[in-house]
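Bear in mind that the values in this text are calculations on the coordinates, not laboratory data. Quantities reported herein were computed from a predicted structural model and do not represent experimental measurements. Here the Cβ positions follow ideal geometry from the backbone for every residue, glycine too, while neighbour counts run over all protein chains shown.
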């Protein structure tokens, strides 16, 4: 399963922090890659470093410089775990359950009658699905839907 990024913060030098869909905030010092990937030394230029564009799956500075979010998730330093808005919690739960079931978004769409684009929006935290939509997804994944107010 890919660990999706929902927030990026640039820190001192060539260090960044990424908040992931599961609430983990990971810190990563890009300089640890300089010996292995000398082209990344260009990131010492602060303007270039700050120009990186975030996607769900990493950061891209230009055609030659990028890093996958999975590298940061696996090799970074856990700074904290944060409470996320409910749409991101739902996104993480749905995408995790779907990945564990081995279903593609297209197959889940077929089983639920929910457009694949809408499933994608749910899994990226871009929508607030109704309880009936979540029930259809849970049923297709052969999972239980549990809702609690604490």
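Estimated from helical segments only, the mean residue ellipticity of the chain at 222 nm is -10000 deg cm²/dmol, where each DSSP H run of four or more residues counts as -39500 (n - 2.57). As a length-normalised measure over Cα pairs under 8 Å and 6 or more apart, the relative contact order of the chain settles at 19 percent.
Taking the chain as a Gaussian network of alpha-carbon nodes connected by springs under 10 Å, the highest mean-square fluctuation of the residues 75, 118, 63 belongs to 63.
In region 5-81, Cα pairs under 8 Å separated by at least six residues give a relative contact order of 30 percent. GNM on the chain, alpha-carbon springs under 10 angstrom: the most fluctuating residue among 131, 90, 122 is 131.
For region 5-81, place one equal point scatterer on every Cα, skip the solvent, and apply the Debye formula. What is log10 of I(q)/I(0) at q = 0.13, 0.26 Å⁻¹? With no solvent term, the Cα-only Debye profile gives -0.33, -1.37. Once C-alpha pairs closer than 8 Å and six or more residues apart are averaged by separation and normalised to the residue number of region 86-140, the relative contact order reads 44 percent. Considering only 85, 38, 129, the Gaussian network model of the chain with Cα springs below 10 Å gives its largest mean-square fluctuation to 38. For region 86-140, a Kirkwood hydrodynamic radius built from all Cα pairs, placed in the Stokes-Einstein relation at 20 °C and 1.002 mPa s, yields a translational diffusion coefficient of 200 µm²/s.
The overall shape of region 3-49, judged from the alpha-carbon gyration tensor, is prolate: a/c is not under 1.5, and a/b is greater than b/c.
Mind giving me the FRET efficiency for residue 110 and residue 55? R0 is 22 Å, r the Cβ-Cβ distance, nearest 0.05 is fine. With R0 = 22 Å, the Cβ-Cβ based efficiency is 0.25. Going through [x] 15.8; [y] 15.3; [z] 16.8, the figure that equals Kirkwood radius over Cα pairs in Å as computed for the structure here is [z].
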